[in-house]
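The values are calculated or read from the model by the stated rules, or taken from the named source; none is laboratory data. Computed from a predicted structure; not experimentally measured. Here Cβ is always computed from backbone atoms with ideal geometry, including for glycine, and neighbour counts include all displayed protein chains.
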Amino acid sequence: MAAKPSTAKDTGTQPASAPVTATPSSIRRNTGPEVLTGAQAIVRSLEKLEVDTVFGLPGGTILPTYDPLFETDKIRHILVRHEQGAGHAAEGYAAASGKLGVCIATSGPGATNLITALADANMDSVPMLAITGQQASSLLGTDAFQEADIVGMTMPVTKHSFLVTRAEDIPGVLVNAHHIATTGRPGPVLVDITKDAQTGTAPFVWPEEPALPGYRPILKPHAKQIREAARMMSEAQRPVFYIGGGVIRSEAEKELLRLAEATNIPVVTTLMARGAFPDSHQLHLGMPGMHGSVPAVTAFQKADLLIAIGARFDDRVTGKLDSFAPNAQVIHADIDPAEIGKNREVDVAIVGDAREVLAEMLAEMRSKFPKALERQREPWWRFLNRLKETYPLGYETHGELCDPQYVISRISALTGPEAVYAAGVGQHQMWAAQFIDFERPKSWLNSGGLGTMGYSVPAAMGAKVGQPDRVVWAIDGDGCFQMTNQELATCALNNIPIKVAIINNSSLGMVRQWQTLFYDGRYSNTDLNTGHETIRIPDFTKLAEAYGCEALRVDRNEDVDAAIEKALSINDRPVVLDFTVPPDAMVWPMVAAGVSNDEIEYARGIRPEFDGEGEEEAESAIAEAGTNEDGTVRSVAQIEGGLE
């Protein structure tokens, strides 16, 4: 029997159409946090962190996350052909744009393939987030299929690594990871998330700030240390700014320019700092180190004060450490206190952000030492300018084939300083660092610390995604190119029109150079058979065409400009230029590994002799070594001619 409908008359209550008063429980139901799967929480968290691009490759344990990733319109996912490519692309994206680079991989071999890129980012202080899938938490430690302790493996080569086993922890961990990666000294952070954490559900609770009570990077330098540094700068006779990659990461290039111009102190920029100070500026001496310029290397050796900002006294800069800058006091400023005094004892240690340090140094100089800003340091600059005149960068021409230095200098001249240049590792890297004119930061990407062959192509790909309106060149060697060239397919399919210049000497060029100089020309396993008068396996032009790229081979200097101009005119697909260069071309200047920077050779067999310890003695020695009998300055061609 049907129940009798209730009416107002029957019950004395309000009509059914009247509004119902909300109860506290109904308010909680309507306004409580949204319940999401862990996978959805990953994607939502990345959206809230304003991540717009991820590079990745799916697999079994990360597959739950790829499902909601398919639905988002806020994040572009770029499917790479190898996980290492994803990692280097994330590095290139971050280094060129200044934003966090993100990559995703599955567990086991997918995660381990990221390790090289993580180590690379760690050495070069690149802000990067790697998200990896992991076997279900119940299977951890059982040697399950594609299980690998990626957190344990990556702890030594990341800024931090997290393991997440619960869905509710995902937003907080990703906020913490983002904060760690992008603040203080930037670096890579890995977040390993078990499959059951991705498939489980939990309320999505977004933390207002990171929960990292023990992590407080020091940004503002101590006033007492700044005051002492300013005093030393005001008193120094032969000071030099030693500028490292930390200046670029801090975006402190304007503060550096103001301080250098105000103090009239020369500037040397390391391999990682190319572009932090304009190459064209009269205060710039070039790059220091193993293949640095003679003026830069000698300035360090003759300085009475080094002002190191965001640099780490790397062995490739210092040479034999106990003979490096022997007469110099050292001011060392770095955001990472572990770097200060690690390799070289310092006289003034400053912990702080490079931008803050440089700005406060200038303010202190203006306030306490204004007369020092009027000093021109004429004897010091007379010495340095003579070095610049006597020992400019140069090279020996080889006649028949393209000269690698000429190729790279023409790429720079025709493309301009607004482009981004990414290099692999080896001779072509050094030539690019020497012969490209860098006028702005974030225009030069390379694997400076780890020295990773295969970095260039995927890093250029990431840079082009991060800076789509800039021309991006990958300057690569024939050895490096064969390690990651499959990412050309990624570029072609995703409309990422990078330009690739292969400096093809048919060998592992830097190894061959060392075999020439130090192993009596015994070329053990360095010939690659990719270039001139070889069987060309592979043929790079055919390989590039198979990947959907435009491809050209260039064998002579007179054809270089036309090929570069054609590459610059093509913007609907990647372009690969195969430049045939001689295998015997070498990188000069050079300081051999493990010897003093005083042993620098300008060219093979040509070494400036600086026997005196003082400025006048050094200047006299250079004048004698670098002039002809009639007193004119010897040219590069005169100095290098006939050395081979």
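Test each condition in (1) out of contact with any Lys or Arg (no Cβ under 9 Å at 6 or more places or on another chain); (2) buried (at least 23 other Cβ atoms within 10 Å of the Cβ); (3) part of a helix (DSSP H, G or I) for Ile307 and report the one that comes out false.
With respect to (1) out of contact with any Lys or Arg (no Cβ under 9 Å at 6 or more places or on another chain); (2) buried (at least 23 other Cβ atoms within 10 Å of the Cβ); (3) part of a helix (DSSP H, G or I), Ile307 is out only on (3).
Output the qualifying pairs, or none if there are none: Cβ atoms under 6 angstrom, residues six or more apart or on different chains, first residue in segment 489-517 and touching a residue at least 12 places away in the same chain (Cβ under 8 Å), second residue in a helix (DSSP H, G or I) and of a type in the set (S, T, N, Q).
So the pair list comes out as Gly509/Gln427; Met510/Gln427.
Kindly provide the set of residues from segment 55-75 that are surrounded by fewer than 24 Cβ atoms within 10 Å (Cβ to Cβ), within 30 Å of Gln482 (Cβ to Cβ) and touching a residue at least 60 places away in the same chain (Cβ under 8 Å), ordered by number.
Gly59, Gly60
Find the residue count for segment 329-345, including only residues that are within 20 Å of Pro266 (Cα to Cα) and either crowded, with 24+ Cβ neighbours inside 10 Å or within 21 Å of the chain's Cα centre (by Cα) (or both). Spell out the reasoning first.
First, pick out the residues of segment 329-345 that are within 20 Å of Pro266 (Cα to Cα): 329-334.
Narrowing the set further to residues that are either crowded, with 24+ Cβ neighbours inside 10 Å or within 21 Å of the chain's Cα centre (by Cα) (or both) leaves 331-334.
Residues that pass the stated criteria total 4.
Could you please let me know if Pro171 is buried (at least 22 other Cβ atoms within 10 Å of the Cβ) and part of a loop (DSSP other than H, G, I, E, B)? Let's see the steps before the verdict.
Numbers: buried (at least 22 other Cβ atoms within 10 Å of the Cβ): yes; part of a loop (DSSP other than H, G, I, E, B): no.
Judged against the criteria, Pro171 is not a match.
In segment 82-139, how many are part of a helix (DSSP H, G or I) and not hydrophobic (A, V, I, L, M, F, W, C)? Give the derivation first.
Of segment 82-139, the ones part of a helix (DSSP H, G or I) are 83-97, 109-112, 115-123, 137-139.
With not hydrophobic (A, V, I, L, M, F, W, C) added as a condition, the list becomes 83-85, 87-88, 91-93, 97, 109-110, 112, 116, 120, 122, 137-138.
Within segment 82-139, residues that are part of a helix (DSSP H, G or I) and not hydrophobic (A, V, I, L, M, F, W, C) number 17.
In this structure, is Thr541 closer than 30 Å to Gly289 by Cβ and modelled with pLDDT of 95 or more? Reasoning before the result, please.
Numbers: closer than 30 Å to Gly289 by Cβ: no; modelled with pLDDT of 95 or more: yes.
For Thr541, the condition - closer than 30 Å to Gly289 by Cβ and modelled with pLDDT of 95 or more - is not met.
Say we look at segment 231-267 and pick out the residues that are crowded, with 21+ Cβ neighbours inside 10 Å and hydroxyl-bearing (Ser, Thr, Tyr); which of these is farthest from Gly448 (Cα to Cα)?
Going through the qualifying residues, I end up with Thr263.
Among the numbered conditions (1) in the same structural domain as Asn557 (by TED's automatic domain parsing); (2) buried (at least 21 other Cβ atoms within 10 Å of the Cβ), tell me where Leu384 comes up short.
All conditions are met except number (1).
Being under 21 Å from His284 (Cα atoms), outside any helix (DSSP H, G or I), in contact with a helix residue (DSSP H, G or I) (Cβ under 8 Å, 6 or more places away or on another chain) and not aliphatic (A, V, I, L, M) is the filter here, so list the residues in segment 390-418 that pass it.
Residues of segment 390-418 that are under 21 Å from His284 (Cα atoms), as a first pass: 390-395, 405, 408-409, 412-413, 416-418.
Checking which are outside any helix (DSSP H, G or I) leaves us with 391-395, 416-418.
In the following step, the residues that additionally are in contact with a helix residue (DSSP H, G or I) (Cβ under 8 Å, 6 or more places away or on another chain) were identified as 391-395.
Scanning segment 390-418 gives Tyr391, Pro392, Gly394, Tyr395.
Hey, can you tell me all the residues within segment 192-211 that are in a loop (DSSP other than H, G, I, E, B) and buried (at least 18 other Cβ atoms within 10 Å of the Cβ)? Outline the logic, then answer.
First pass over segment 192-211, keeping only residues in a loop (DSSP other than H, G, I, E, B): 200, 204-211.
Hits for segment 192-211 are Gly200, Phe204.
Go through (1) under 23 Å from the mean Cα position of the chain (by Cα); (2) under 20 Å from Ala111 (Cα atoms) one by one and return the number of the condition Gly244 breaks.
(2)
Being closer than 14 Å to Ala105 by Cβ and either among the charged types (D, E, K, R) or not assigned by TED's automatic domain parsing to the domain that holds Ala349 (or both) is the requirement here; does Leu163 meet it? Quick ask: steps written out before the conclusion?
Numbers: closer than 14 Å to Ala105 by Cβ: no; either among the charged types (D, E, K, R) or not assigned by TED's automatic domain parsing to the domain that holds Ala349 (or both): yes.
Answer is no for this residue.
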